[in-house]
Amino acid sequence: LVPVDADPDAEALAAAGAYLREWVWAKLRKALPAGAKTVYLSPDRALCRLPWAALPGDRPGTVLLEDFALAVVPHAPFLLDSLWPGEKAEQADRALVVG
């Protein structure tokens, strides 16, 4: 990774982005159903500071925001209450929740 006080060049930034994508996003990406276009994230600890939308995308030269609509939510219950107020049980099969 690039130290905070360094003046990174494009190659170092690309390497850091690729590392973060592999370390964090690649594992989540495998669990997404085919055709998913919106991803709600409820990160914890240091992952809250990660610029999710700016991670490298599926195609070279793109960012994740070009592949998915991303929303960061404060916690999982907030997400469930927002998506399915009053009808959680009927819609529960339409969500992938990873802890």
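No value in this document is a laboratory result; all are computed from the given coordinates. If you're wondering where the values come from, they're calculated on a predicted model, not measured in any experiment.
5 Å is the cut-off here: which amide hydrogens, built 1.01 Å from N in the peptide plane, fall below it relative to residue 41, excluding neighbours closer than 5 in sequence?
71, 72, 73
Can you work out the Karplus-derived ³J(HN,Hα) for every residue in segment 21-30? Use 6.51 cos²θ - 1.76 cosθ + 1.60 with θ = phi - 60°, whole Hz, and x for glycine or proline.
Coupling constants for segment 21-30: 4, 5, 6, 10, 6, 4, 5, 5, 4, 5 Hz.
From the phi of every residue in segment 47-60, what ³J(HN,Hα) in whole Hz does the Karplus formula 6.51 cos²θ - 1.76 cosθ + 1.60 yield, where θ is phi - 60° and glycine or proline is x?
5, 5, 8, 6, x, 3, 5, 8, 5, x, x, 5, 10, x
Report the full-extension gain for the segment residue 19 to residue 47: residue separation times 0.36 nm, less the Cα-Cα distance, to one decimal in nm.
Working: separation 28, 0.36 × 28 = 10.08 nm, distance 1.40 nm.
Length gained between residue 19 and residue 47: 8.7 nm.
Please list, ordered by chain and number, the residues whose modelled amide H lies under 5 Å from the amide H of residue 63; skip anything fewer than 5 residues away on the same chain.
57
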